[in-house]
1. Scan region 54-73 and tell me whether some residue there is touching a residue at least 24 places away in the same chain (Cβ under 8 Å), touching a Gly at 6+ places or on another chain (Cβ under 6 Å) and open to solvent by 70 Å² or more (accessible area, probe 1.4 Å).
2. Consider only pairs whose beta carbons are under 8 Å apart and that are at least six residues apart or on different chains; among these, list those whose first residue lies in region 38-52 and is in contact (Cβ under 8 Å) with a residue 60 or more places away in the chain and under 14 Å from E15 (Cα atoms) and whose second residue is open to solvent by less than 40 Å² (accessible area, probe 1.4 Å) and not small (G, A, S).
3. When the residues of region 17-34 are filtered to those that are open to solvent by 60 Å² or more (accessible area, probe 1.4 Å) and outside any strand (DSSP E or B), which remaining residue is nearest to R61 (Cα to Cα)?
4. Anything in region 19-28 that is within 15 Å of the chain's Cα centre (by Cα) and either of a type outside the set (A, V, I, L, M) or farther than 17 Å from E42 by Cβ (or both)? List them, or say none.
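The values are calculated or read from the model by the stated rules, or taken from the named source; none is laboratory data. Every value quoted in this text rests on a predicted model; they were computed, and no experiment measured them. When we count neighbours, we look across all protein chains shown, and the Cβ atoms used for this are built from the backbone with ideal geometry, even at glycine. For the accessible areas, the whole protein counts, side chains as well, though only heavy atoms, and no ligand, DNA or RNA atoms are used. Shrake-Rupley method; radii C 1.70, N 1.55, O 1.52, S 1.80 Å.
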Amino acid sequence: MFHVPDQGQHRPLLETHPPFPQRTWVHLSIRIDFDPDHGSIEVRQNDVLVARAKVGGGHGRLEQAHFGMYAIPTLTAGTVCNDDLTITSTSRA
C-alpha cells in the first residue's frame, strides 16, 4: 500500500508483512473510504487485517482502479489471476 495518505507519500498507520502464499488462492479484501476529510483504507489478507492508512484528497467516490503486477526490476516473469473480482460502491445517507 503506497501513496498514503497522499500521492507520493508512504505513511501507513499499520503495515504488516505476512508471507504471501504461493500456488494457492488468497482472498484479498480492500475497503477504501474516499471521504474528503476522513478518508481511509484497510487491506485484509484471508480476513486478517494487514494494512491500514488514512487517505487524503478524496472526492467521496472511486475515480479509477488498476489491477496488475508491480514488481522489482529483477523479476523477469510472473502471473496474476484476478478471479471473482468485485468492486462495490456504497453511498452515505
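1. no
2. Going by the 8 Å Cβ cut-off, there are no qualifying pairs.
3. Filtering first and then ranking leaves H27.
4. The answer is F20, H27.
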